[in-house]
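Let me begin by presenting the structure, written as structure tokens, before commenting on it.
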Amino acid sequence: MSEVVLDEVVPARAPWAHRLETGDTLRIVDLEGNQAVDFIVYDADDTDLRYDALVTIAAQRNIFLTTGSVLRDGEGGPLLTVVDDEVGRHDTIGGACSCESNTVRYGHHTKHQHACVDNFLTALSPYGRGKRDMVSNVNWFMNVPVEADGSLGIVDGLSAPGKYVELRAERPVLAVISNCPQINNPCNAFDPTPIQVVVTR
Amino acid sequence: MAESGTDTVLGARDHARAQAGSAGAQAVTTQPTIPATGATDLPAGVDAADVVWDETLALGGYASRVLRRGTHLRLTDLTGDTNANLVLHHAARPAERLNVADTVKLQWNAYLGAGALLLSDMGRVLATILPESDASLDLLCGASTRLAVAARHGDSGNHSPTPSGRDRLLLGLAKHGLGRRDLPPSANLFRMVRVSPEGDLVLSPPGGPPGSHMTLRAELDVLVTVAVTPHPLDDRPSYAGGPVRLTAWSGDPAGPDDPARGVSPEAQRAFENTDDVLLTLFPASSATSSPGQPSRCSATASDAGDER
């Protein structure tokens, strides 16, 4: 009989990290809708082995993550499997916002806005991890189409209040979230909101 | 023993010394040109005296090298059927490195090539893809993995005839004191990948005209790491691919009026960020010299920058 071992709200703009054991499920709930949730996962016992977005999409030969997608490490091994998804597609090619990339995208005046990379660095700090552990991430609930000519960009989301995605740990992992604080594009409908995380064992 | 003459130290020495320069050694086409200025068959307009690196990698080969800002590096598919893995680090501070996600997102396009920029995770330009380039660039599929290559070819270690792209890149980084944490998602050159409206990844068929090439111009001092391994979407049962030639020559980084700066407001600001960091890099890098002067290579890549 499975039981809920963690159920909490991650405030708007905040980081979060938690160790999952093999078989644990993590449900991420988009409480108010259209909230991008940036996500990286590491092997809990060997964090140098971490999520690899490109290995993941090359293995499934599709750029979108949804039910059945296996999040893989750089050696091709499974970290997490998407076991439920109420949205249908999630991004993993668009990466995380950073103070520095914001200056390129929106202008130098955005340098001091809070950003996902700062959340990731904050969340990883207690684990002794840092900038070298930053890699291309998952963007749950974020919509990034690629058009015929290669045009790519973050457009209005497909999620809605209460929709969720659920992940199963294939081995002990460290799951790290940045509840995206971006206010310059539609990934959060220009208004970052809280999310809920539920771990079941 | 008697046949090889290596039963004594002096005999072994003579045997060893007879190898370099032998007919067998000269027959190896996949080796560095030493000195690099001895390189021949150069791109139009390149003077052999300016060549700083010339090396041909066989399938399965790898190389890594620090290139000064302004250096031009041409990667050439000699047979028309190969795949090269590529990753770049800021040599002075290798915790800053190629970010494929930012590269496509900040330029609003997944299919980048001639005229595009390879961007770091700090909003700066590591390299410009010069306009004469005609090779395809894939920023979506990364390097092949130990598990996937072993499943397809039976083995995938560095000791095997079919090493994974990741393991070759890791060896290249290891030669500069870098490890697994330092390997970001990497780029592929020469094979074309497209995305269907449903999100499916499609690899172009193998085999094209030989000589397809990409010329990168370093806009910071960069560590460039290259491996030659089959593309991860290459389904052929054989571990297939031809050699890749790497030729680098000294030159100038983007000057104030370089067309690469003006292609978009994002490109302009990425170059502004690059110019800005050059003002404070220690030791002073090429911002303190006028465009056209070769920069000093400011540090070794072994100084990885943060906790280790």
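Consider the range A:104-117 and keep the residues that are more than 10 Å from every other protein chain (Cβ to nearest Cβ) and touching a residue at least 24 places away in the same chain (Cβ under 8 Å). The one that is surrounded by the most Cβ atoms within 10 Å (Cβ to Cβ) is A:Cys116.
Residues in the range A:35-53 that are touching a Ser or Thr at 6+ places or on another chain (Cβ under 7 Å) and not in a strand (DSSP E or B): 2 in all. When each of B:Thr33, B:Thr76 is tested for being more than 30 Å from A:Ala53 (Cβ to Cβ) and hydroxyl-bearing (Ser, Thr, Tyr), the lone residue that passes is B:Thr33. Here B:Arg194 fulfils each of the conditions (1) under 29 Å from B:Leu67 (Cβ atoms); (2) over 21 Å from the mean Cα position of the chain (by Cα); (3) among the basic types (Lys, Arg) apart from (1).
Inside the range A:70-86, can you point out the residues that are assigned to a loop (DSSP other than H, G, I, E, B) and either under 19 Å from A:Asp48 (Cα atoms) or under 14 Å from the mean Cα position of the chain (by Cα) (or both)?
Those that are assigned to a loop (DSSP other than H, G, I, E, B) and either under 19 Å from A:Asp48 (Cα atoms) or under 14 Å from the mean Cα position of the chain (by Cα) (or both): A:Gly74, A:Glu75, A:Gly76, A:Gly77.
Here B:Leu183 does not fit the description of being under 23 Å from B:Pro243 (Cβ atoms) and within 13 Å of chain A (Cβ to nearest Cβ).
Determine if the range A:24-47 includes at least one residue that is crowded, with 21+ Cβ neighbours inside 10 Å, farther than 30 Å from B:Ala148 by Cβ and among the polar types (S, T, N, Q). The answer is yes, given that some residue of the range A:24-47 is crowded, with 21+ Cβ neighbours inside 10 Å, farther than 30 Å from B:Ala148 by Cβ and among the polar types (S, T, N, Q).
Can you pull out every residue in the range A:55-68 that is within 11 Å of chain B (Cβ to nearest Cβ), outside any strand (DSSP E or B) and at negative phi? Hits for the range A:55-68 are A:Val55, A:Thr56, A:Ile57, A:Ala58, A:Ala59, A:Gln60, A:Ile63, A:Phe64, A:Thr66. Taking residues in the range B:139-162 that are under 16 Å from A:Gly74 (Cβ atoms) and at the interface with chain A (Cβ under 9 Å from one of its Cβ atoms), and partners anywhere that are in a loop (DSSP other than H, G, I, E, B) and of a type in the set (Asp, Glu), the pairs with Cβ atoms closer than 6 Å and at least 6 places apart or on different chains are B:Thr145/A:Glu75; B:Arg146/A:Glu75; B:Leu147/A:Glu75. For A:Ser151, indicate whether it is out of contact with any Lys or Arg (no Cβ under 9 Å at 6 or more places or on another chain) and within 14 Å of chain B (Cβ to nearest Cβ). The answer is yes for A:Ser151. In the range B:160-170 there is no residue that is in a strand (DSSP E or B) and either surrounded by 24 or more Cβ atoms within 10 Å (Cβ to Cβ) or touching a strand residue (DSSP E or B) at 6+ places or on another chain (Cβ under 6 Å) (or both).
Remark: pairs (first residue in the range A:118-133, under 19 Å from A:Asp45 (Cβ atoms) and facing chain B (nearest Cβ under 8 Å); second residue in a loop (DSSP other than H, G, I, E, B) and aliphatic (A, V, I, L, M); Cβ separation under 6 Å; 6+ apart in sequence or on different chains) = A:Arg132/B:Ala95. Remark: pairs (first residue in the range A:43-69, touching a residue at least 24 places away in the same chain (Cβ under 8 Å); second residue in a loop (DSSP other than H, G, I, E, B) and of a type in the set (Lys, Arg); Cβ separation under 6 Å; 6+ apart in sequence or on different chains) = A:Thr47/A:Arg129; A:Phe64/A:Arg89; A:Thr66/A:Arg89.
Of all residues in the range B:121-159, exactly one satisfies the criterion of being surrounded by fewer than 18 Cβ atoms within 10 Å (Cβ to Cβ) and polar (S, T, N, Q), namely B:Asn158. In the range A:9-26, the residues that are at negative phi reach residues that are of a type in the set (Asp, Glu) with C-beta atoms within less than 6 angstrom, at least six apart or across chains, in these pairs: A:Thr25/A:Glu166. Can we say B:Ala63 is of a type in the set (Gly, Ala, Ser), in contact with a helix residue (DSSP H, G or I) (Cβ under 8 Å, 6 or more places away or on another chain), within 25 Å of B:Gly251 (Cα to Cα) and buried (at least 19 other Cβ atoms within 10 Å of the Cβ)? Considered against the rule, which asks whether it is of a type in the set (Gly, Ala, Ser), in contact with a helix residue (DSSP H, G or I) (Cβ under 8 Å, 6 or more places away or on another chain), within 25 Å of B:Gly251 (Cα to Cα) and buried (at least 19 other Cβ atoms within 10 Å of the Cβ), B:Ala63 comes out as yes.
Total residues in the range A:1-34 satisfying the condition of being among the acidic types (Asp, Glu) and either within 12 Å of the chain's Cα centre (by Cα) or assigned to a strand (DSSP E or B) (or both): the figure is 3. Checking each residue in the range B:1-43 for being over 32 Å from the mean Cα position of the chain (by Cα) and part of a loop (DSSP other than H, G, I, E, B) picks out B:Met1, B:Ala2, B:Glu3, B:Ser4, B:Gly5, B:Thr6, B:Asp7, B:Thr8, B:Ala18.
I'd like the residue in the range B:179-198 that is assigned to a strand (DSSP E or B) and of a type in the set (A, V, I, L, M, F, W, C) and, out of all such residues, is nearest to B:Ala143 (Cα to Cα).
Residues of the range B:179-198 assigned to a strand (DSSP E or B): B:187-189, B:193-195.
Among the residues that remain, those that are also of a type in the set (A, V, I, L, M, F, W, C) are: B:187, B:189, B:193, B:195.
Details: B:Ala187: 8, B:Leu189: 11, B:Val193: 13, B:Val195: 18 Å.
Per the stated criteria, the residue is B:Ala187.
Residues in the range A:87-97 that are over 18 Å from A:Thr47 (Cβ atoms) and either at the interface with chain B (Cβ under 7 Å from one of its Cβ atoms) or not polar (S, T, N, Q) (or both): A:Val87, A:Gly88, A:Arg89, A:His90, A:Asp91, A:Ile93, A:Gly94, A:Gly95, A:Cys97.
No lab work stands behind these numbers, since they all come straight from the coordinates. This one's a predicted model, so the numbers in the text were calculated from it and none came from an experiment. Neighbour counts are summed over all protein chains in view; Cβ atoms, including those assigned to glycine, are modelled from backbone coordinates with ideal geometry.
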